[in-house]
Amino acid sequence: MPYKNKADRKYKQAAAYEDTPEQVKNREERNKARYKLMKEGKVRKGDGKDVAHVKAADKGGTIKDGVRVESASKNRSFKRDSKGNLVSEISKKERKK
């Protein structure tokens, strides 16, 4: 966790950021993707799986580009910059192959 204590966290700024139209749209896109795969029976609540876009959402990917079911650890293992933005869609494990 990047915060040393709870007082360091900026709750108001985080809430304002999450309410921006762009972030609301991104969240809706993620929720639609998960709901679609839940209806197909591929994921369940609490199963430890993530629904990942084939092309990363922050790189312009949508449900139409495709989604897949991945373990949470695999989906969250991509290289990111200091702001948390995705740098590479290829994980370290895949680069070694």
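The values are calculated or read from the model by the stated rules, or taken from the named source; none is laboratory data. All figures in this text were calculated on a predicted structure; none of them were measured in a lab. Methodologically, a virtual Cβ is constructed for each residue, glycine included, from the backbone with ideal geometry; neighbour enumeration extends over all protein chains shown.
Data overview
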| quantity | calculated |
| --- | --- |
| Cβ-Cβ under 6 Å pairs, at least 6 apart or on other chains, region 34-57 side without any contact (Cβ under 8 Å) to a residue 40 or more places away in the chain, far side basic (K, R) and surrounded by 15 or more Cβ atoms within 10 Å (Cβ to Cβ) | V43/K49; V51/R34 |
| Residue in region 43-58 that is at pLDDT 85 or above, of a type in the set (A, V, I, L, M, F, W, C) and assigned to a helix (DSSP H, G or I) present | no |
| Any hit, region 23-34, residues being among the hydrophobic types (A, V, I, L, M, F, W, C) and closer than 21 Å to V87 by Cα | no |
| Residue list for region 1-52, filter: of a type in the set (F, W, Y), over 20 Å from R76 (Cα atoms) and exposed (fewer than 10 other Cβ atoms within 10 Å of the Cβ) | Y11 |
